[in-house]
Amino acid sequence: MKAVIYTASHRREGNTDRVAELLEAGVIKAGGKSEIIHVRDRDVRPCLACGYCDKSTHLQGQQRCILGKKDEAWAMFEPMFTAQTVFFASPIYFYHLPSRLKTWIDRGQQFWKARIDKETWIADLPRRTVHSVLVAGQPEGIKLFEGARLTLKYFVANFNMKLASPLTFRGVDAAEDLRHHTEMEKLIVECGQKAWQDATLPE
Ligand SMILES: Cc1cc2nc3c(=O)[nH]c(=O)nc-3n(C[C@H](O)[C@H](O)[C@H](O)COP(=O)(O)O)c2cc1C
């Protein structure tokens, strides 16, 4: 049993990487363990919109996408099936998720179609909750996090997961900014800890 933390920044050792460390610290505090996946380091090709997954109804898992295992997208999807709890840590880029993460999310179209077809390998996944932490440089913008939230919500629904209300932080811009806000850091550790506790509560 383990948690998976997907991080989406294209910048190394910035605020989002720090978020991942803090979430992991929370999971460990609660007695769990986690794997961090830095999406920027993975080779992910864009969805070709070729329609192959619409037609390949008899095929399961990675066989449903014409790109199959030609890149790392499928290996990155595997924890979405097996992790006890899932986290996304992302900065906001132009009011949305960074392009590498969005490229991978688009590859999830194959799961959307499998779910429509009521295929049991995806339809019968256990109900789980996904947690997200979003950081943005600007202090203002009413809908600053809305695009990212909606995309994550509908992506994770493919895996029978519900997106909890994202933890959002504004005015976090320079790479070390989050480290100067101990109150924010504390909230992120608590998020990791509580998420693991809730995910492992007996039925
Ligand atoms: C390409 C790009 C686009 C960005 N767009 C926004 C934006 O629309 N709104 C905002 O508040 N911050 C924006 N930012 C600032 C980042 O959200 C901010 O610097 C964040 O702390 C980066 O996280 P990181 O340290 O993990 O890379 C943008 C940064 C980049 C590189």
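Taking the Cβ of each residue in ILE36, ILE116 as the centre, tally the other Cβ atoms inside 10 Å and list the residues starting with the fewest.
Numbers: ILE36 16, ILE116 13.
The fewest-first ordering by Cβ neighbours comes to ILE116, ILE36.
Just grab the label-to-label distance for THR120 and ILE142, each label 7 Å out from Cα along the Cβ direction, in nm (one decimal).
For THR120 paired with ILE142, the spin-label model returns 4.8 nm.
Using only Cα atoms, tell me the angle between helix 146-157 and the longest principal axis of the chain; keep it within 0 to 90° and round to the nearest 10.
40
Using a Gaussian network model of the chain with C-alpha springs under 10 Å, which one of ALA174, ALA89, ALA20 is most mobile by mean-square fluctuation?
The residue with the greatest mean-square fluctuation here is ALA174.
How far apart, in nm, are two points set 7 Å out from the Cα along the Cα-to-Cβ line at HIS180 and at LYS55?
5.6
State the extension gain, in nm to one decimal, for the chain segment bounded by TRP112 and LYS194, taking 0.36 nm per residue of separation less the distance between their alpha-carbons. Working shown, then result.
On the way: separation 82, 0.36 × 82 = 29.52 nm, distance 2.90 nm.
Taking TRP112 through LYS194 to full extension adds about 26.6 nm, to one decimal.
Report relative contact order for the chain in percent, whole number only (criteria: Cα-Cα under 8 Å, sequence separation at least 6).
That works out to 30 percent.
Return one number: the angle in degrees, 0 to 90 and rounded to the nearest 10, between the long axis of the Cα atoms of helix 15-29 and the longest principal axis of the Cα atoms of the chain.
With rounding to tens, the tilt is 90 degrees.
Angle, helix 182-199 long axis vs. longest principal axis of the chain, Cα atoms, 0 to 90°, nearest 10?
Approximately 40 degrees, to the nearest ten.
Viscosity 0.890 mPa s, temperature 25 °C: give me the Stokes-Einstein translational D for the range 107-187 in µm²/s, with Rh taken as the Kirkwood radius over C-alpha pairs.
The Stokes-Einstein estimate is 168 µm²/s.
For the range 97-175, which trypsin sites (Lys or Arg not before Pro) pass both filters: DSSP loop (anything but H, G, I, E, B) and at most 10 other C-beta atoms within 10 Å? Each step should come with its number before you reach the end.
Working: sites: ARG100, LYS102, ARG107, LYS113, ARG115, LYS118, ARG127, ARG128, LYS143, ARG149, LYS153, LYS162, ARG170; in loops: ARG107, LYS118, ARG127, LYS143, ARG170.
Here the sparse-neighbourhood loop sites are LYS118, ARG127, LYS143.
Once each part is reduced to its C-alpha centroid, what is the distance from the range 43-62 to the range 98-149 in angstrom?
17
If you take the Cα atoms of the range 3-199, find Rg, then find the Kirkwood Rh from the mean of 1/r over all pairs, what is Rg/Rh?
Values: Rg = 16.6 Å, Rh = 17.1 Å.
Answer for the range 3-199: 0.97.
State to the nearest 20 debye the size of the charge dipole of the chain about its Cα centre, where the only charges are +1 on K and R beta carbons and -1 on D and E beta carbons. Don't jump to the answer; show the numbers that get you there.
Numbers: 29 positive and 25 negative charges, 110 e Å.
That gives the chain a dipole magnitude of about 520 debye.
Under 15 Å from a point 7 Å along the Cα-to-Cβ line of ASP43: which residues of the range 57-92 have their amide N that close?
67-76
Would you tally the net charge around ASP43, using a Cβ to Cβ cut-off of less than 14 Å, leaving ASP43 out, and scoring K and R as +1, D and E as -1? Display every interim value, and only then the final one.
Details: positive: ARG40, ARG42, ARG45, LYS69, LYS70, ARG100, ARG107; negative: ASP41, ASP71, GLU72.
Taking every Cβ under 14 Å from that of ASP43, the sum is +4.
Separation between the LEU201 and GLU35 pseudo-spin-labels, each 7 Å from Cα along Cα→Cβ, expressed in nm?
Result for the modelled spin labels: 2.7 nm.
Report the calculated FRET efficiency for ALA164 and MET1 (r = Cβ-Cβ distance, R0 = 25 Å), to the nearest 0.05.
On the way: r = 19 Å, r/R0 = 0.77.
Result of the calculation: an efficiency of 0.85.
Using DSSP to call loops (not H, G, I, E or B), can you name the trypsin sites (Lys or Arg not before Pro) in the range 1-84 whose Cβ has at most 13 other Cβ atoms within 10 angstrom? Please report the intermediate quantities before stating the final value.
On the way: sites: LYS2, ARG11, ARG12, ARG18, LYS29, LYS33, ARG40, ARG42, LYS55, ARG64, LYS69, LYS70; in loops: LYS2, ARG11, ARG12, LYS33, ARG42, LYS69, LYS70.
The qualifying sites are ARG11, ARG12, LYS33, LYS69, LYS70.
Do any GluC sites (Glu not before Pro) in the range 69-140 lie in a DSSP loop with no more than 10 other beta carbon atoms within 10 Å, and if so, which? Don't jump to the answer; show the numbers that get you there.
Working: sites: GLU72, GLU119, GLU140; in loops: GLU72, GLU119, GLU140.
Passing both the DSSP loop test and the Cβ count: GLU140.
Any read-out appearing in this document is the output of simple, stated calculations on the displayed coordinates, not a laboratory observation. Just so it is clear, the model here is predicted, and its values are computed rather than measured. Neighbour counts run over all protein chains shown; Cβ positions are idealised from the backbone, glycine included.
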